[in-house]
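The values are calculated or read from the model by the stated rules, or taken from the named source; none is laboratory data. The model shown is predicted, which means the values in this text are computed figures rather than measured ones. Here Cβ is always computed from backbone atoms with ideal geometry, including for glycine, and neighbour counts include all displayed protein chains. These area figures cover heavy atoms from the full protein model, side chains too; ligands, DNA and RNA do not enter into them. Shrake-Rupley method; radii C 1.70, N 1.55, O 1.52, S 1.80 Å.
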Amino acid sequence: MSTEESNLFEPPDWLAREDEALAPYAMRTRLSRGRRHPEDPHPFRTLYQRDRDRVVHSTAFRRLMYKTQVLVSQTNDHHRTRLTHTLEVAQISRTVARQLGLNEDLTEAIALAHDLGHPPFGHAGEAALDECMKEHGGFEHNRHGLRIVEVLEYRYVQFPGLNLTWEVLEAAALHSKRRDTPEVREFSGVGQPLLEAQVVDAADSLAYDTHDIDDALSVGLISFADLDEAAFWREALARVRAEHPGIGPLQLQPATVRALIDWQVRDLLEHTRQRLRQEKVSSVADVRRTREPVVGPGPDVQALKAELEDFLRRRVYRHHRVQRMASKGSHFVRELFHRFCAAPQLLPARYAVRAFQDGMLQRTVCDYLAGMTDRYAQDEFLRLFQPYTDV
Ligand code: MG
């Protein structure tokens, strides 16, 4: 054998590698319920790798860049948007999944897709759309996320949507608070969500609690002194100061944010492992049978987190500057919704075609609005309601 040949890398058989490397309670590609529209296997990517790649290539994913997390996307250039939030959730989820022996590809696909259904202007936009749609099936971001990946994306000749695997769709469906709706019903009755989905859920909550504090400090909604009332922050800050006695003001905030994430991830791993042992979870079937989700923080961190969330609600989410953004956002959404419903000929051609079909008017307008970024919704508002703007 020549040296050149012996140095060639033989790619592993990924399905076999999953069997070797994953914990018994992890979801494996070969156990997948597959896709709604059958496809030939890819020569070197597993089903979940492909799901992850499809999400990243979707239009809805790129739009997350200009969608509100808490602060409207134009506030400044440093705070979180839906996209950077999603990336933080994905990387925390992957770390946790790897430590627990779960399927990282599946976890990552679920994480990258978890906020695809969010409309512009965050929860204010979501509440406004839900109100507008109350006679027509309502609006909720998890269900809309399913609609995007099942119907609205139009990238493939062979099928509508992204044709993701059942497991990724199920994670979005089971995250919905409206389990009785037709889109969600198809996925219910399976028991608890897969551990990969539970990890994303926990990482989502861990990520936003922490980064919302970071952003609120950075844009001056709150100060370090205000955070004195939140024990979680206080203790993380004390840990940082003890470890780095001479720490300067520039590093203090990021170091405390890092300490908070690290504390929560360690605690999450410890308590999840404990519950996996207690509940004797040693297969996917066992995961499904547990009474409650097993991935989550321990009681101490849970209490600290609840107190921090209460602080966020009072001091950040209800801050008059955040409320003004929310109020403007819902105003734009409501006005646009009613205008387009009254005059569907104002819709771009692709949407107008559907809006004129029987019974499709409100849902089509809702799809159009939910897909908008903060920026696009504001431009569209100006184009429709401001005199002398380019239409
Ligand atoms: Mg999220």
>> Restricting to Cα atoms and excluding each atom paired with itself, what does the Kirkwood estimate give for the chain in Å?
In response: 22.7 Å
> Heavy-atom accessible area per residue, the chain, 1.4 Å probe: how many Å²?
Replying inline: 50 Å²
>> How large is the convex hull of the C-alpha atoms of region 178-311 per residue, in Å³?
In response: 134 Å³
>> Under 25 °C and 0.890 mPa s, how fast does region 242-306 diffuse according to Stokes-Einstein, given a Kirkwood radius computed over C-alpha pairs? Answer in µm²/s, whole number.
In response: 176 µm²/s
> Roughly speaking, what is the centre-to-centre gap between region 11-69 and region 246-280 when only Cα atoms are used, to the nearest Å?
Replying inline: 28 Å
> Per residue, how much space in cubic angstrom lies within the convex hull of the C-alpha atoms of region 279-330?
Replying inline: 124 Å³
> Assuming a viscosity of 1.567 mPa s and a temperature of 4 °C, what translational diffusion coefficient in µm² per second does Stokes-Einstein assign to region 43-126, Rh being the Kirkwood radius over Cα pairs?
Replying inline: 96 µm²/s
> At a 1.4 Å probe, what is the % contribution of carbon and sulfur to the accessible area of region 58-122?
Replying inline: 47 percent
>> I want to make sure I understand the PRE zone here: with the label point 7 angstrom from the Cα of ARG273 toward its beta carbon, which residues in region 6-29 have backbone N atoms less than 20 Å away?
In response: 21-27
>> Heavy atoms only, 1.4 Å probe, whole protein assembly: order LYS305, LYS328 by accessible area, highest first.
In response: LYS328, LYS305
>> Net charge around ARG82, counting only other residues with Cβ within less than 9 Å of its Cβ (Lys, Arg = +1; Asp, Glu = -1)?
In response: +2
>> Please give me the summed charge of the neighbours of LEU162: other residues whose Cβ is under 13 Å from its Cβ, Lys and Arg +1, Asp and Glu -1.
In response: +2
> DSSP loop chymotrypsin sites (Phe, Trp or Tyr not before Pro) in region 321-377 with at most 16 other Cβ atoms within 10 Å of their Cβ, which ones?
Replying inline: PHE356
> Once fully extended, how much extra length lies between PHE356 and VAL391, figured as 0.36 nm per residue of separation less the alpha-carbon to alpha-carbon distance?
Replying inline: 10.5 nm
> Where does the charge balance sit around ARG339 when Lys and Arg score +1, Asp and Glu -1, over other residues with C-beta under 13 Å from its C-beta?
Replying inline: 0
> Using a basic spin-label model with each label point 7 Å from the Cα along Cα→Cβ, how many nm lie between ALA16 and ASP180?
Replying inline: 5.2 nm
>> Along the Cα→Cβ direction, 7 angstrom out, place labels at VAL190 and MET65. What is the inter-label distance in nm?
In response: 3.2 nm
> If one puts a single equal scatterer on every Cα of region 325-385 and applies the Debye formula without solvent, what log₁₀ I(q)/I(0) results at q = 0.16, 0.29 Å⁻¹?
Replying inline: -0.45, -1.33
>> If I stretch the segment between ASP53 and GLU307 completely, what's the gain in nm (0.36 nm per residue apart, minus their alpha carbon distance), one decimal?
In response: 87.7 nm
> If each Cα of region 74-224 is one equal point scatterer, what is log10 of I(q)/I(0) from the Debye formula at q = 0.13, 0.14, 0.21 Å⁻¹?
Replying inline: -0.66, -0.76, -1.38
